[in-house]
Amino acid sequence: MSAAQEEMACQVCLAPLNTLGIPPTYLHPAHLATDGHDPAPAPVSQLDTVRRSCDFCGNPYPTWTLHGGEVTALAVGPTAGLIQNFGHAWAACPTCHTHIDDGRHDKLAEHAARTLGLSNHPQARQRVEELHRAFLDARLPGRALITTTAWPATTITAAEVPKVRDRLSSFYRGNDQLPAALEITSTRAEIATGLDRSHLYWVDNDFTELAEHAAAQLPDTPISRDALPSTDGLLIWARPLTPNQLTAASWTATNTGLRLVLYRTIGAGLEPRPLQRLREQVGWLTPMYATRLGEREPIGKNHPAAGLLATWLLINQKAAEVATARPDKGLAKSYARTNRPTPEVRVVRIRGRHLPSAARPSTPNGAQRSQSSRFWVSGHWRNQAHGPRRSLRRPVYIHPFLKGPDDAPISLSTTVRMLSSGQPKPQDRE
């Protein structure tokens, strides 16, 4: 598909845009309520989130793209007729897809009519069912996972990480398609193999917040193999990193660089049956960004993987303490039945906080400088010398700290978020 033919979405509201004429004019869909802004078109391949809706029922969380018959409808009114082309590629939410999988077109129409508010309009419901059948009677085999849907966050616990990894690996080895824009169609087997041998990490909420704060200030940093906590890994944060709702990342080191995939969660809020079907078919994670990074390729605060690199750097500079999560008994039995060792999940949390040497105010003569108050110094990155003759530099994150005499009052002119795995010290409560 050429660039001129690529589907476009509005960068402001993230809604797919309708195309009119040649050269194309882009319009918001007529049914979409906006604040009146003009369309700001961008190729959907450049957006990690697109506000699609299910073409069967209007649900805002579509999961699959299906291909079927080209559907065109003619609506006739008192003065004129309106022709609407619904196209041959339809988005389906998990509930609609479950009815389609089961061959229950009647249930599909009932669900759509109820969702669209047409339950009390039999003729409208019949028209909806006719549109569905026109598409589904000519449906082609296969389906593609929609990875740009901004699902509500799903909480993943440390004990769940192994089964999340196994389902993700199984999906990569399956036949369901992924969007071409991810550019991982030819490397799915490589990613799955890396997941199978990956070390598993779960980052607790406090450390997630620390990594998010550090990522927002991350200087351009060349990525290197010694920054990785393991050659292959899957890391899941306790909550999504803003603004893109990044929840997990997997990586595999290869001879040509680092294969990196970032993920968001999928399935929150579904009814039990479609949720179970989705967990079986896809799992808990859907890829949202993939790339291959070369050795020493720089990553800065605006890179999609900034949160991951900040997490790696904080772990490497001993800001983290890593414990092993107790495996779920049911999971351990499942692995034993297949003669596989139960995987370890490394829980990453903030190491007991201490005042860095940089926080100890002093004069060249070692005497205490006279100060009338204490003030917060915000967390920041600082280059640290290392390597042969200390000729290399790597970023080290300096935690927030109070500067000034212990008995001086704290200045209220600045605020900072303090993170700790332990109880706050008395001076921190002031």
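Evaluate the stretch 284-303: report whether one residue or more is buried (at least 18 other Cβ atoms within 10 Å of the Cβ), under 17 Å from residue 206 (Cα atoms) and under 15 Å from the mean Cα position of the chain (by Cα). No; the residues of the stretch 284-303 include none that is buried (at least 18 other Cβ atoms within 10 Å of the Cβ), under 17 Å from residue 206 (Cα atoms) and under 15 Å from the mean Cα position of the chain (by Cα).
Residues that are over 30 Å from residue 225 (Cα atoms) and at pLDDT 80 or above: does the stretch 338-355 have at least one? Looking for residues that are over 30 Å from residue 225 (Cα atoms) and at pLDDT 80 or above, one finds at least one in the stretch 338-355, hence yes.
Filtering the stretch 126-177 to residues that are of a type in the set (A, V, I, L, M, F, W, C) and either part of a loop (DSSP other than H, G, I, E, B) or on the phi > 0 side of the Ramachandran plot (or both) leaves 138, 140, 146, 150, 151, 153, 156.
Taking (1) over 30 Å from residue 343 (Cα atoms); (2) surrounded by 15 or more Cβ atoms within 10 Å (Cβ to Cβ); (3) touching a strand residue (DSSP E or B) at 6+ places or on another chain (Cβ under 6 Å) in turn, residue 154 satisfies each apart from (1).
Is it true that residue 76 is in contact with a helix residue (DSSP H, G or I) (Cβ under 7 Å, 6 or more places away or on another chain), at pLDDT below 90 and farther than 26 Å from residue 281 by Cα? In short, no.
Can you confirm whether residue 148 is surrounded by 16 or more Cβ atoms within 10 Å (Cβ to Cβ) and closer than 30 Å to residue 203 by Cα? Yes. Residue pairs whose Cβ atoms lie under 7 Å apart, separated by 6 or more positions or on different chains, with the first residue in the stretch 260-281 and surrounded by fewer than 16 Cβ atoms within 10 Å (Cβ to Cβ) and the second among the β-branched types (Val, Ile, Thr), are 268/154; 271/95; 273/98. Cβ-Cβ distances below 7 Å connect no pair with a first residue in the stretch 46-57 that is free of Cβ contacts under 8 Å to residues at least 24 places away in the same chain and over 17 Å from residue 287 (Cβ atoms), a second residue that is surrounded by fewer than 18 Cβ atoms within 10 Å (Cβ to Cβ) and small (Gly, Ala, Ser), and a separation of six or more residues or different chains. Inside the stretch 117-136, residues that are over 24 Å from residue 68 (Cα atoms) and either among the aliphatic types (A, V, I, L, M) or touching a Phe, Trp or Tyr at 6+ places or on another chain (Cβ under 7 Å) (or both) make up a count of 1.
So that you can scan it fast, the table gives a plain yes or no per residue for (1) modelled with pLDDT of 90 or more; (2) hydroxyl-bearing (Ser, Thr, Tyr); (3) under 18 Å from residue 269 (Cβ atoms):
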| position | (1), (2), (3) |
| --- | --- |
| 116 | no, no, no |
| 122 | no, no, no |
| 128 | no, no, no |
| 144 | yes, no, no |
| 154 | yes, yes, yes |
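Set side by side, the residues 175, 205 differ, and just one is surrounded by fewer than 16 Cβ atoms within 10 Å (Cβ to Cβ) and over 28 Å from residue 7 (Cα atoms), which is 205.
Pull up the stretch 50-60, narrow it to residues that are of a type outside the set (Gly, Ala, Ser) and within 21 Å of the chain's Cα centre (by Cα), then point me to the one that is surrounded by the fewest Cβ atoms within 10 Å (Cβ to Cβ). Looking at the filtered set, the residue picked out is 60. For the stretch 9-49, the set of residues classified as among the charged types (D, E, K, R) and surrounded by fewer than 16 Cβ atoms within 10 Å (Cβ to Cβ) consists of 35, 38, listed by residue number.
Modelled with pLDDT under 90 and assigned to a loop (DSSP other than H, G, I, E, B) - does that describe any residue in the stretch 299-317? Checking the stretch 299-317: at least one residue is modelled with pLDDT under 90 and assigned to a loop (DSSP other than H, G, I, E, B).
The values are calculated or read from the model by the stated rules, or taken from the named source; none is laboratory data. It should be emphasised that the depicted structure is a prediction, and the values quoted were computed from it without experimental measurement. Please note: Cβ atoms are built from the backbone with ideal geometry, for glycine as well, and neighbour counts cover all protein chains shown.
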